[in-house]
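Notes follow once the structure below has been shown.
The values are calculated or read from the model by the stated rules, or taken from the named source; none is laboratory data. What you are looking at is a predicted structure, and each value in this text was computed from that prediction instead of being measured. Heads up, the Cβs are rebuilt from the backbone with ideal geometry, glycines too, and the neighbour counts pull from every protein chain shown.
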Amino acid sequence: MIYEGKAITVKALESGIVELQFDLKGESVNKFNRLTLAELRQAVDAIKADASIKGVIVSSGKDVFIVGADITEFVDNFKLSDEELVAGNLEANKIFSDFEDLGVPTVAAINGIALGGGFEMCLAADYRVIASSAKVGLPEVKLGIYPGFGGTVRLPRVIGTDNAIEWIAGGKENRAEDALKAGAVDAVVAADKLAAAALDLIKRAISGELDYKAKRAPKLEKIKLNAIEQMMAFETAKGFVAGQAGPNYPAPVEAIKTIQKAANFGRDKALETEAAGFVKLAKTSASQSLVGLFLNDQELKKKAKGYDAIAKDVKLAAVLGAGIMGGGIAYQSASKGTPILMKDIREEGIQMGLAEASKLLGGRVAKGRLTAAKMAEALTAIRPTMSYGDFGHVDIVVEAVVENPKVKQIVLAEVEGVVREDAILASNTSTISINLLAKALKRPENFVGMHFFNPVHMMPLVEVIRGEKSSDVAVATTVAYAKKMGKSPIVVNDCPGFLVNRVLFPYFGGFSKLISAGVDFVRIDKVMEKFGWPMGPAYLSDVVGIDTGHHGRDVMAEGFPDRMSVEGRTAVDVMYEANRLGQKNGKGFYAYEMDKRGKPKKVTDPVAYEVLKPVITEQREVTDEDIINFMMIPLCLETVRCLEDGIVETAAEADMGLIYGIGFPPFRGGALRYIDSIGVAEFVALADKYADLGALYHPTAKLREMAANGQSFFG
């Protein structure tokens, strides 16, 4: 053994060829943490010191190659001073450069996922051979940064600037064949042939059949574009990428700027340019939020995995109530491999549900994400029925009938009588208490809430609601089924609106106050969309449905009368009374016309302003900052209350629920991270400025205590 550590070993293979293998002990994947980097330094030095070595193969002892840097270390690293961060980055890069400069040929054998620093390790090798099932990429922009181990330097010199910009700014994972077409790898082979292919490649380089020094040279030099070619490549790309990424996500454009700045430098000077830009991005609030988002997501997955031990396997599911929602649930289940019965009392409902599932599957076929054969397979896994004939074989039933407690109780009691005693019943309700619905059941321990968000196929969140009598097995099985459907489940306790809608309605409450103050709803939408929301509150109300919002508001007012009940009529009331229900009937705050693709397009409608006149009680001068505070303070404070009340267990789950459920701006990290970004004490002081607006704007005693003690939600 030439070198042996806890993450890396270097051992002789044959005829002067050695294998540098990544195999991080105690972990399921390889990643670049402090230990791995330190050992790579030692391993490279050991290879340099051994004159008998003629070639190096880099491999992995795990199913993946290297998934990238250890993100958990980012939080502490990014707190360092700029100078310390730059120095640390360049020190790490010196290891990769020293590996690249070895006096012998090197080959990376990519057996599985090689992302971020993992792929940058591959780029430092002379040759890359990849298993056909593997993927490579540089996804750092998704964390608000860009590649920091030489990715912005080596990739453009290996695959050309256009391809490199697309890979780095897009941050996507690339299949083996696509990597070969771009020139990012030199060969694609079956996984069981990878070791032999790497060995053959290194032998050809050692023999001189392949000129590894010529292959290496472009990575050490300037980018081969003249001044005009550079201007055309970079300026066009910056404009396009800026339009795609938007102003709140600076990393993709900064990556292009860095490649451009370093285009006329050799490798080492180019790496210094990369390091300076990397540190600049690491210090942005967007990066801190997106890194936090990644860590929260990991915590969510870890918690969901914790239920696996007691969850029962769902082999056959059922959905009660077809239509758009039922069809979406059936599609999601069948497309992910779990057959599902779809029951409705009306033939029209069945047809609507099947049409929805067919449309969604057809869309995937059209985009090349699904074969026609797989579409047919998924459709046959959806079995429409108007009877309970096969329900005796079902493991879980998702009730998705009309949002009315009496109707739901009747349907749930009915289905309980035809399923097995151990079958799980789940209600897809958005606001109705699970404890209330459970009163109609003989086996409430088998009953939970399973709240999907619309549209089902696009929204990643599922709220699994634990009632007072819900068993651990019922909760665990529902969580496991949600994961099997490709969703991110969060377990919450029962209360009106659960987590997401309980938090959303105070946000709409702020919107109603702005309308009453005479603020134009179009202006409010524009301000909140600029803040980062995918759509403003008026547009969102139309998309959700004014009637749905009206009903939900009443439920929330009954549940939390101290702060969510309102005196007099609101904007939602007058819209509802005027039968302006939003997109579903073509008129709400906006009017809707079909565009060329058959999708509803919003247009301003003067009638909406007339409808709203009775609820405008004043003409208050407000700034854009006021609009943000009117909307965000009550949303954030209700999130705090949900955490304090134990509706959600952790700050991470609360924030992820809002990001996955209602599109909270990801670059802001969630409501609690947003409070942290302002500062808890500063946020409390800000809320106090708006105290005259009512109880929704009054901080809790615990939050005031946190402010006084200098605490934060993510310390």
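What the table shows:
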| item | result |
| --- | --- |
| Residue match in the range 186-193 (condition: in a helix (DSSP H, G or I), under 14 Å from residue 125 (Cβ atoms), out of contact with any Phe, Trp or Tyr (no Cβ under 8 Å at 6 or more places or on another chain) and free of Cβ contacts under 8 Å to residues at least 60 places away in the same chain) | no |
| Conditions (1) under 19 Å from residue 385 (Cα atoms); (2) over 23 Å from the mean Cα position of the chain (by Cα); (3) of a type in the set (A, V, I, L, M, F, W, C); number of the one not met by residue 366 | (1) |
| Condition met for residue 630 (assigned by TED's automatic domain parsing to the domain that holds residue 587, aromatic (Phe, Trp, Tyr) and under 22 Å from residue 302 (Cβ atoms)) | no |
| Any hit, the range 152-161, residues being surrounded by fewer than 18 Cβ atoms within 10 Å (Cβ to Cβ) and more than 24 Å from residue 97 (Cβ to Cβ) | no |
| Residue count for the range 503-531, restricted to those that are under 15 Å from residue 549 (Cβ atoms) and within 22 Å of the chain's Cα centre (by Cα) | 2 |
| Residue pairs meeting the criteria (Cβ under 6 Å; at least 6 apart or on separate chains; first surrounded by fewer than 15 Cβ atoms within 10 Å (Cβ to Cβ), in the range 61-81; second small (Gly, Ala, Ser)) | 63/112 |
| Count - residues of the range 289-308 that are touching a residue at least 60 places away in the same chain (Cβ under 8 Å) and in a loop (DSSP other than H, G, I, E, B) | 2 |
| Helices (runs of 4 or more DSSP H) contained in the range 348-444 and holding at least 3 residues at pLDDT 90 or above | 405-416, 434-438 |
| Residue count for the range 50-91, restricted to those that are among the polar types (S, T, N, Q), assigned to a strand (DSSP E or B) and either within 29 Å of the chain's Cα centre (by Cα) or not assigned by TED's automatic domain parsing to the domain that holds residue 106 (or both) | 1 |
| Hits in the range 414-435 (condition: surrounded by fewer than 21 Cβ atoms within 10 Å (Cβ to Cβ) and farther than 30 Å from residue 554 by Cα) | 417, 418, 420, 421, 422 |
| Leading residue by the ranking (surrounded by the fewest Cβ atoms within 10 Å (Cβ to Cβ)) among those in the range 445-491 that are assigned to a loop (DSSP other than H, G, I, E, B) and of a type in the set (A, V, I, L, M) | 458 |
| Residues of the range 1-38 classified as out of contact with any strand residue (DSSP E or B) (no Cβ under 7 Å at 6 or more places or on another chain), in a loop (DSSP other than H, G, I, E, B) and of a type in the set (A, V, I, L, M), total | 2 |
| Breaking point among (1) in contact with a strand residue (DSSP E or B) (Cβ under 7 Å, 6 or more places away or on another chain); (2) under 26 Å from residue 246 (Cβ atoms), for residue 177 | (2) |
| Residue in the range 621-638 that is more than 18 Å from residue 670 (Cβ to Cβ) and at pLDDT below 95 present | yes |
| Qualifying residues in the range 499-542 (those that are crowded, with 18+ Cβ neighbours inside 10 Å and of a type in the set (Val, Ile, Thr)) - the one nearest to residue 604 (Cα to Cα) | 524 |
| Pairs, first among the charged types (D, E, K, R) in the range 529-545, second surrounded by fewer than 16 Cβ atoms within 10 Å (Cβ to Cβ) and not in a loop (DSSP other than H, G, I, E, B), C-beta under 9 Å, six or more apart | 530/624 |
| Residue match in the range 224-241 (condition: assigned to a helix (DSSP H, G or I) and touching a Gly at 6+ places or on another chain (Cβ under 7 Å)) | no |
| Yes/no for residue 112 being in a loop (DSSP other than H, G, I, E, B) and crowded, with 19+ Cβ neighbours inside 10 Å | yes |
| Selected residue (criterion: modelled with the lowest pLDDT) from residues of the range 562-599 that are within 21 Å of residue 526 (Cα to Cα) and assigned to a helix (DSSP H, G or I) | 583 |
| Residue match in the range 141-154 (condition: touching a strand residue (DSSP E or B) at 6+ places or on another chain (Cβ under 8 Å) and part of a helix (DSSP H, G or I)) | no |
| Options 655, 692: the member that is under 25 Å from residue 560 (Cβ atoms) and either outside any helix (DSSP H, G or I) or free of Cβ contacts under 8 Å to residues at least 24 places away in the same chain (or both) | 692 |
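To keep it simple, each residue is scored yes or no on (1) under 27 Å from residue 97 (Cα atoms); (2) polar (S, T, N, Q).
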residue	(1), (2)
212	yes, no
217	yes, no
225	yes, no
241	no, no
244	no, yes
253	yes, no
257	yes, no
260	yes, yes
